[in-house]
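First up is the structure itself, then whatever we jot down about it.
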Amino acid sequence: MAKGNIGVTTENIFPVIKKFLYSDHEIFLREMVSNAVDATQKLKTLAAQGDFKGEIGDEKVSISIDKEAGTLTISDHGIGMTEEEIERYINQIAFSGVTDFLDKYKDNANAIIGHFGLGFYSSFMVSDRVDIITKSYKDDAKAVKWTCDGSPEYEIEPAEKAERGSDIVLHIAEDCKEFLEESKITELLNKYCKFMAVPVVFGKKKEWNSEKKEMVETEEDNVINAMEPLWTKQPSSLKDEDYKKFYSELYPMQDEPLFWIHLNVDFPFHLTGILYFPRVQSNLDLQRNKIQLYCNQVFVTDQVEGIVPEFLTLLHGVIDSPDIPLNVSRSYLQSDANVKKIASYITKKVADRLNGIFKTDRKDYEEKWDNLKVFIEYGMLTDESFYDRAKDFALFKDTDGKHFTYEEYRTLIKDNQTDKDGTLVYLYANDKDEQYTYIEAAKAKGYSVLMFDGQLDNATLGLFEQKFEKSRFTRVDGDIMERLIQKEDVKKVELSKEDSDKLTDAFKAKLPQMDKVTFNVEIQALGEEAAPVMFTQSEYMRRMKDMSRFQSGMAFYGQMPDSYNLVLNSDNSVIKSVIADTEKTETISQLIDLALLQNGMLKGEALDKFLKRSVELLK
């Protein structure tokens, strides 16, 4: 028996591992199984190169639990290790600068393990003792057993092992007994190992025994993984049904995806994967982090923000690249050159796919637009390069349900919706029912009105105003129609100051008191046929308040009251009658309530009074 000290410069690495990696301790199983898979694949590579002449035989990696002994064992039939290789790969840890190391990486298990090559030592996060019983594939190799109890000291001695490969025996610590539970190990294997490249076996398959009325083990191995997941296959060999089935396996509770992209690139980096376009409509947060990141079919993370462009976090699916390090922090990934290239490549592929569908089947694309809209707008808002690509296949939809590209719509409205200053005015509504009167008034003038009822539409208004030359967007109820698209100077009100002040005061006296709402009164000459009263709201303030709900630092606007202008049409006969007799309080109240009702602001007691007053006026 040989004894020695593990080659580390700290007095004791193991309390450091247990203390600082504890929050991520479940990843030990991924590390152990990954090592076993690597050992198996290395043997296959040696055989393919002619450096191993024997039979490969059983390739599986097995995980077993012995509750009585308190052990979890990971076994493989890979290349194994000699005593010298244990000394080289297990006993020597390139590990220095302990103080800086702890300060920098104490909160992130992946960072420590990956940065310092400590994959095997993650086993000590959950173990009081770890044994390695191993036999190399090399001719005349002898089996050896390495044991360490969580201190820098280890023992190594001859062992009995008939077959090549390694058994890693973890003596689970008292405070980690959950890892001796079958359900917990099944959960972790399904999370981290379900697509590894060699069979991963955990016990035997079970089936229902009607006589015993319980689940019983069969003789068949319980293989938990698919060795050739869909993304590793050639797209030409797959059908739509294959992609849909795989999606349902990844996301059992999700609706069928809109379409997908199969990624397969070898240069300048290696990348495979399948990205699905889900039926995204409005709720961004619930849809995020559905992309699973893999390295050689080993699960890395599903927290992909900062690794892929932000808007791509709305996609679902799998990305697999050996050029993405397995065990590093997200901050490292975000600065990695290969990761940046991959992110740029995926952005281009997504844009190309959308553009391809738009060009080949525009009708189908338009039918899917309501689901695609949030995704595309999110991309344009957060990624300049995506906007440059998407502007040719992003769409506007008007209140009649017709779709237009940005250029098509500009051509449609430029002659009729350009104001006297040469600014092209885009009118929009966000509630077709509530703003119906205003929409119809715009249409009566030959104007087109866009439908902006999506979660990100308000944010994109500012983007469009930056990108579109000499253009502005205004909601259709943001002002009187003559000022929304002002073709000429507004007609002057022909009222004396005395009549104007009397009229304004009479309406102000009847305006309701509402929480966080202010009212102003103005008089305009809008023509005899125009409505006697209407409410308008400042485009700027409404937009700022809307944006305050989504952007930090804008809470100030969210706290400000809603400000409405009550516009009185001095040309209308009803308003003229009030000018003649400002004591017509019932008429004034009725006009105000009609305007409030039109804007969905008349409720409760006020609505009840309005209805009763309306009945009385009919008598």
Review point. Taking Leu250, is it open to solvent by less than 60 Å² (accessible area, probe 1.4 Å), under 27 Å from Asn338 (Cα atoms) and of a type in the set (A, V, I, L, M, F, W, C)?
Key: yes
**Study point:** Filter result for Asn572 (over 18 Å from Ala525 (Cβ atoms) and surrounded by 12 or more Cβ atoms within 10 Å (Cβ to Cβ))
**Key:** no
Practice item. Confirm whether Val280 is buried (at least 20 other Cβ atoms within 10 Å of the Cβ) and at pLDDT below 85. Key: yes
Point to revise | Scan of the stretch 346-370 for residues that are closer than 23 Å to Gln303 by Cα and open to solvent by less than 50 Å² (accessible area, probe 1.4 Å), ordered by number | key: Ile346, Thr347, Val350, Ala351
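Take the stretch 213-228 and flag every residue that is more than 28 Å from Gln297 (Cβ to Cβ) and part of a strand (DSSP E or B). Write out each step before concluding.
Step one: filter the stretch 213-228 for residues more than 28 Å from Gln297 (Cβ to Cβ), giving 213-216.
Correct list: Glu214, Met215, Val216.
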Practice item. Go through the residues of the stretch 230-237 one by one and say whether even a single one is in contact (Cβ under 8 Å) with a residue 12 or more places away in the chain and farther than 19 Å from Lys349 by Cα. Key: no
Review point. Within the stretch 230-237, is even one residue of a type in the set (Lys, Arg) and over 29 Å from Thr82 (Cα atoms)?
Key: yes
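Out of the residues in the stretch 482-502 meeting the condition of being aliphatic (A, V, I, L, M) and modelled with pLDDT of 80 or more, tell me which one is farthest from Gln435 (Cα to Cα).
Within the stretch 482-502, the match that is farthest from Gln435 (Cα to Cα) is Leu495.
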Study note, to complete from the structure: In the set Lys145, Lys161, the lone residue that is part of a strand (DSSP E or B) and not polar (S, T, N, Q) is Lys145
Exercise for review: Considering only residues that are closer than 22 Å to Ile575 by Cα and without any contact (Cβ under 8 Å) to a residue 40 or more places away in the chain, look in the stretch 585-606 and name the one that is surrounded by the fewest Cβ atoms within 10 Å (Cβ to Cβ).
Suggested key: Glu586
Revision key, fill the gap. In the set Phe202, Phe195, the lone residue that is closer than 18 Å to Ile65 by Cα, aromatic (Phe, Trp, Tyr) and at pLDDT 90 or above is Phe202
Check your understanding: Does the stretch 72-80 contain at least one residue that is of a type in the set (A, V, I, L, M, F, W, C), in contact with a helix residue (DSSP H, G or I) (Cβ under 8 Å, 6 or more places away or on another chain), within 23 Å of Ala47 (Cβ to Cβ) and at pLDDT 80 or above?
Key -> yes
Exercise for review: Search the stretch 410-440 for residues being outside any helix (DSSP H, G or I) and among the hydroxyl-bearing types (Ser, Thr, Tyr), and hand back the single one that is farthest from Gly462 (Cα to Cα).
Suggested key: Thr418
**Study point:** Selection count where residues are crowded, with 16+ Cβ neighbours inside 10 Å, in a helix (DSSP H, G or I) and without any contact (Cβ under 8 Å) to a residue 60 or more places away in the chain, scope the stretch 387-409
**Key:** 3
Check your understanding: Only one of (1) surrounded by 15 or more Cβ atoms within 10 Å (Cβ to Cβ); (2) at pLDDT 70 or above; (3) among the aliphatic types (A, V, I, L, M) fails for Ala48. Which number is that?
Key -> (1)
Check your understanding: Residue check, Ser335 against (1) in contact with a Phe, Trp or Tyr (Cβ under 8 Å, 6 or more places away or on another chain); (2) modelled with pLDDT under 85, all met but one. Which one?
Key -> (1)
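Being open to solvent by 60 Å² or more (accessible area, probe 1.4 Å) and among the acidic types (Asp, Glu): is that true of Asp128 here?
For Asp128, the condition - open to solvent by 60 Å² or more (accessible area, probe 1.4 Å) and among the acidic types (Asp, Glu) - is met.
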Exercise for review: Scan (1) touching a helix residue (DSSP H, G or I) at 6+ places or on another chain (Cβ under 7 Å); (2) not in a loop (DSSP other than H, G, I, E, B) for the single condition Gly454 breaks and write down its number.
Suggested key: (2)
Exercise for review: Of all residues in the stretch 182-212, count the ones that are outside any strand (DSSP E or B), open to solvent by 80 Å² or more (accessible area, probe 1.4 Å) and either over 15 Å from Leu29 (Cβ atoms) or among the charged types (D, E, K, R) (or both).
Suggested key: 6
Check your understanding: Restricted to the stretch 288-307, and to residues that are among the polar types (S, T, N, Q) and open to solvent by less than 40 Å² (accessible area, probe 1.4 Å), which residue is modelled with the lowest pLDDT?
Key -> Asn289
Check your understanding: Got at least one residue in the stretch 482-495 being touching a strand residue (DSSP E or B) at 6+ places or on another chain (Cβ under 7 Å) and crowded, with 20+ Cβ neighbours inside 10 Å?
Key -> yes
Review point. Restricting attention to the stretch 458-481, which residues are closer than 16 Å to Asp398 by Cα and either open to solvent by 20 Å² or more (accessible area, probe 1.4 Å) or at pLDDT below 85 (or both)?
Key: Asn458, Arg475
Check your understanding: Does Phe452 satisfy the condition of being within 28 Å of the chain's Cα centre (by Cα), modelled with pLDDT of 90 or more and either closer than 27 Å to Ala531 by Cα or open to solvent by 70 Å² or more (accessible area, probe 1.4 Å) (or both)?
Key -> yes
Check your understanding: In this structure, is Gly150 in a strand (DSSP E or B), surrounded by 12 or more Cβ atoms within 10 Å (Cβ to Cβ), at positive phi and in contact (Cβ under 8 Å) with a residue 12 or more places away in the chain?
Key -> no
Check your understanding: Is it true that Gly57 is under 21 Å from Val201 (Cβ atoms) and buried (at least 18 other Cβ atoms within 10 Å of the Cβ)?
Key -> no
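The values are calculated or read from the model by the stated rules, or taken from the named source; none is laboratory data. Computed from a predicted structure; not experimentally measured. We place every Cβ from the backbone using ideal geometry, glycine too, and count neighbours over all the protein chains shown. Accessible surface is based on the protein model in full, side chains and every heavy atom, while ligands, DNA and RNA are left aside. Shrake-Rupley method; radii C 1.70, N 1.55, O 1.52, S 1.80 Å.
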